[in-house]
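Asks: One structure follows; several queries about it will come next.
The values are calculated or read from the model by the stated rules, or taken from the named source; none is laboratory data. Quick caveat, the model's predicted, so the values are computed rather than measured. Methodologically, a virtual Cβ is constructed for each residue, glycine included, from the backbone with ideal geometry; neighbour enumeration extends over all protein chains shown.
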Amino acid sequence: MTTLEAIILGLVQGLTEFLPISSSGHLVLVEALFHIHKGNIIFEVFLHFGTFMAVVIAFRNDIRQMILACYRWVIHPASTKIQWQNDLHLRLAVFIIIGTVPAAILGLTFETYLESVFSEPFTVSLMLLLTGIILYFTRWTKIKHQRIKFIDSIFIGLAQAVAMLPGISRSGSTISMGMYLGLSKEEAARFSFLLALPAILGATVLKATALIQNPLPEGQLFNLIAATVVAFISGYFAILFLLELVRRGKFSWFAFYCLTVAIAGMVYFH
């Protein structure tokens, strides 16, 4: 892999990991279209680390508050009921754990099968078409409550699990599900990005275990670092960009992009 190819894949990963247009789907299409091959699994580990750090930096305040809330609960377990009622960040941390469970179960059980069956460019294009439809209909959602609830975390977690299919956007499906459940656009987006942390970290750790059998390719260290930095920077700005569009009520605009790419992909790879 050349340095330019590594930078391209890092940029695609960073932008599409958080914009509701499917990172896995775009990586499949870009690799097929430009005949780029990632090769060693270590490349995926580095890219995931870059996007993980993008979320950490973008939501550092929420993450810090959740850590402090969990710490207070550990040292004062007797006041659990009061803390649960009064501490929004404690509830948020618990709901993130709950929302992570469906994707964790599906990922540990079926990830290899799903990637092998649904990684054909034409199939990915079909999934992108579905993503576009999901995004389009969010324009008619109504706000019913401002704060996430227990049942919301379960359904958003299920949406994240379905997004393991290449072409189904993780952020698109989780934010959309939150909006369909009646959450405000901002709360749905915030929970979606925070929910990405254990998902991305888990995927990174799982793939990192394969590094022992897949040593670093000779001469590829610079390319890996370059791709990671590009994924981090592009991912960070993609988060800020999406949050701004969500605040302006333009989240569904991404539907037109997904539908366009999906139709073009189905025509080209048919």
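Asks: Out of Leu158, Leu128, Leu183, which single residue is crowded, with 18+ Cβ neighbours inside 10 Å and either within 20 Å of Phe110 (Cβ to Cβ) or within 11 Å of the chain's Cα centre (by Cα) (or both)?
Replies: Every option except Leu158 fails the conditions.
Asks: Something else: Can you pull out every residue in the stretch 56-84 that is of a type in the set (S, T, N, Q) and either modelled with pLDDT of 95 or more or under 22 Å from Glu186 (Cα atoms) (or both)?
Replies: Scanning the stretch 56-84 gives Asn61, Gln65.
Asks: OK, next. Tell me whether the stretch 2-22 contains one or more residues that are under 15 Å from the mean Cα position of the chain (by Cα), without any contact (Cβ under 8 Å) to a residue 24 or more places away in the chain and more than 21 Å from Glu187 (Cα to Cα).
Replies: Checked the stretch 2-22: at least one residue is under 15 Å from the mean Cα position of the chain (by Cα), without any contact (Cβ under 8 Å) to a residue 24 or more places away in the chain and more than 21 Å from Glu187 (Cα to Cα).
For (1) among the acidic types (Asp, Glu); (2) closer than 27 Å to Val28 by Cα, each residue gets a yes or a no:
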position	(1), (2)
Leu108	no, yes
Thr123	no, yes
Leu126	no, yes
Arg139	no, no
Ile143	no, no
Asp152	yes, no
Met179	no, no
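Asks: From Trp84, Trp73, grab the single residue that is touching a Lys or Arg at 6+ places or on another chain (Cβ under 8 Å) and surrounded by 11 or more Cβ atoms within 10 Å (Cβ to Cβ).
Replies: After ruling out the rest, the residue left standing is Trp84.
Asks: Ok, one more. Restricting attention to the stretch 34-65, which residues are more than 23 Å from Leu206 (Cα to Cα) and in contact (Cβ under 8 Å) with a residue 40 or more places away in the chain? Reasoning before the result, please.
Replies: In the first step, residues of the stretch 34-65 are kept if they are more than 23 Å from Leu206 (Cα to Cα); the result is 34-36, 58-62, 64-65.
Residues satisfying the conditions are Ala58, Phe59, Asp62.
Residue by residue, here is whether (1) small (Gly, Ala, Ser); (2) within 15 Å of Ala103 (Cβ to Cβ) holds:
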| site | (1), (2) |
| --- | --- |
| Ile148 | no, no |
| Phe155 | no, yes |
| Leu158 | no, yes |
| Ala161 | yes, yes |
| Met164 | no, yes |
| Ile168 | no, yes |
| Ser173 | yes, yes |
| Lys185 | no, no |
